[in-house]
Structures are given as C-alpha cells and as structure tokens.
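J.: What follows is a structure written as structure tokens; I'll ask about it next.
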Amino acid sequence: MATPGNSNWCRGRIEPWWGQLHHGLPYANEPFNNQQDESQWRQLGYTQTRFTGDMYDMRNPELGWITPFRKCFDFAHFSWSVYRMTPGTVLPEHQDTYGRFREIHGLTLTQPVVRAIVFLEDWQRGHYLELDGTPVVQWQAGDWVQWRDDLPHTAANIGKTPRYTLQITGI
C-alpha cells in the first residue's frame, strides 16, 4: 500500500522474500551519465573519483527473486537494477534522465517515467536518501519509495556497510 511522502512521491512496504540473494552478484560500476551535473558538482567542490554505486542490471538474465516485483510494481515497461552503494559513495542532487530505458522502450522525453527504490536491507547509520528535499532514513527491508522522473533526489553512503537497493523503472 502506498502512502504519500509528499505531493511528488510516495512510499510503501512489501514483505521481503529475498533474504541475502543480492549479495555476491557480479556487480559492475559505470560512470555517472550526465556530464553537466558532474561538472557542476566538481565546481561545488566534490572531489571523489566516482559518483555511482555498483550495478547488476537488466542487461543480465533476470534473477528468479526479482520476477515477483513485476506484480508489486505493475508498470507497462519494467526494468530493474540491483544497486550496491559502497561506503564513501555520494551522489549529489540530480534528476535522472533514464536515457537507456527510454532508448530500449522507444520513449520520448515527454513521456513520464517512474522510479521505485526497494530497500533490500534494513537502514544502517550513514545510509541516506533525499527526495525533493525530504530525508528518507530508518527504513526496513521491504520499504520502498517511488517518484516521477523529474524529482530532484540525492543518495549517499557515509556509513560503514554497503547500502543495497533494487531500482525499478517503468511507465
């Protein structure tokens, strides 16, 4: 069941069934895909070598434990990425462009895209998400948040343990 976070996003909960199946995947890291944002962050003083976490995504065979999410998030087009944000990763405020998703599904820039983040593990100190200026912390495994494509958001892991989420994108 979804409840409003504010007028631009909502949150909900599903009962976890995946345990620790997201551990040990062959994650890969890719550079952030918006050079304009990254240039602005550097001007602001961000100095890290990478801004993104590690992914295991839809370019790989879909894992059996991911398939039930298709019923939880009944999107017309559905893509997924298991996302591991290691300690020290900071992704400053940005708006996703969903370039690969739009390309795969032949979508224009005017068609709204939705992003859902499912927290795969309980919140740990230093794990952070901010949606449209509202902090999201102290989640439990199975909690989720969802927003439309134009919502500014920030994510960071300034803790001591990896932060695991499942990113689901759809329309």
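Derivation of every value follows stated rules applied to the coordinates shown; laboratory data play no part. All figures in this text were calculated on a predicted structure; none of them were measured in a lab. Backbone-built Cβ (ideal geometry, glycine too); neighbour counts: all protein chains shown.
J.: For a Förster distance of 30 Å, can you work out the FRET efficiency between the beta-carbons of Leu63 and Thr134, rounded to the nearest 0.05?
T.: 0.45
J.: Sticking with this one: So who's got an amide H within less than 5 Å of the one on Met58, skipping anything under 5 residues away but keeping other chains? H placed 1.01 Å off N, in plane.
T.: The answer is Trp80.
J.: Separate question: Considering Cα pairs under 8 angstrom that are at least six residues apart, work out the relative contact order of the range 3-170 and quote it in whole percent.
T.: Relative contact order, the range 3-170: 31 percent.
J.: Which FRET efficiency value, to the nearest 0.05, do you get for Asp74 and Leu151 by plugging their Cβ-Cβ distance into 1/(1 + (r/R0)^6) with R0 = 25 Å?
T.: 0.75
J.: While we're on this one: Residue by residue through the range 17-24, which ³J(HN,Hα) values in whole Hz follow from phi under the Karplus form 6.51 cos²θ - 1.76 cosθ + 1.60 (θ = phi - 60°), with glycine and proline marked x?
T.: Along the range 17-24, the couplings run 10, 9, x, 10, 5, 7, 6, x Hz.
J.: Taking H as built 1.01 Å from N, whose amide H comes closer than 5 Å to the amide H of Val136, not counting residues under 5 places away?
T.: Sorted by chain and number, the residues that satisfy this are Leu129, Glu130, Leu131.
J.: While we're looking at this one, here's another question. Which one, (i) 0.93; (ii) 2.05; (iii) 1.40, gives Rg/Rh (Cα atoms, Kirkwood Rh) as derived from the coordinates shown?
T.: Correct label is (i).
J.: Something else now. Please name which of Pro31, Phe69, Thr108 has its Cα lying farthest along the dipole of the chain towards the positive end, using unit charges on Cβ (Lys, Arg +1; Asp, Glu -1) and the Cα centre as origin.
T.: Most positive-ward Cα: Phe69.
J.: Computed over the Cα atoms of the range 41-142, what is the convex hull's projected area averaged over all directions, in nm²?
T.: Reported value for the Cα convex hull: 8.3 nm².
J.: Per DSSP H run of at least 4 residues, take -39500 (n - 2.57); add these up for the chain, divide by its residues and hand me the 222 nm value, nearest 500 deg cm²/dmol.
T.: Working: 3 runs with 21 residues, N = 171.
After summing the helix terms and dividing by the residues of the chain, the value is -3000 deg cm²/dmol.
J.: Something else about it: Go through the range 128-138 residue by residue and turn each phi into a ³J(HN,Hα) via Karplus (6.51, -1.76, 1.60, θ = phi - 60°); whole Hz please, and just put x for glycine and proline.
T.: Whole-Hz 3J(HN,Hα) from phi for the range 128-138: 9, 9, 9, 10, 6, x, 9, x, 10, 9, 6.
J.: Quick check for me: using +1 on Lys/Arg Cβ and -1 on Asp/Glu Cβ, what's the dipole size of the chain about its Cα centre, in debye to the nearest 20? All intermediate terms of the calculation are to be shown ahead of the outcome.
T.: Values: 15 positive and 18 negative charges, 45 e Å.
Using Cβ point charges on Lys, Arg, Asp and Glu, the chain gives about 220 debye.
J.: Run the simple label-point estimate for Gln40 and Glu93 please: 7 Å along Cα→C-beta, distance reported in nm.
T.: About 0.9 nm separates the two model spin labels.
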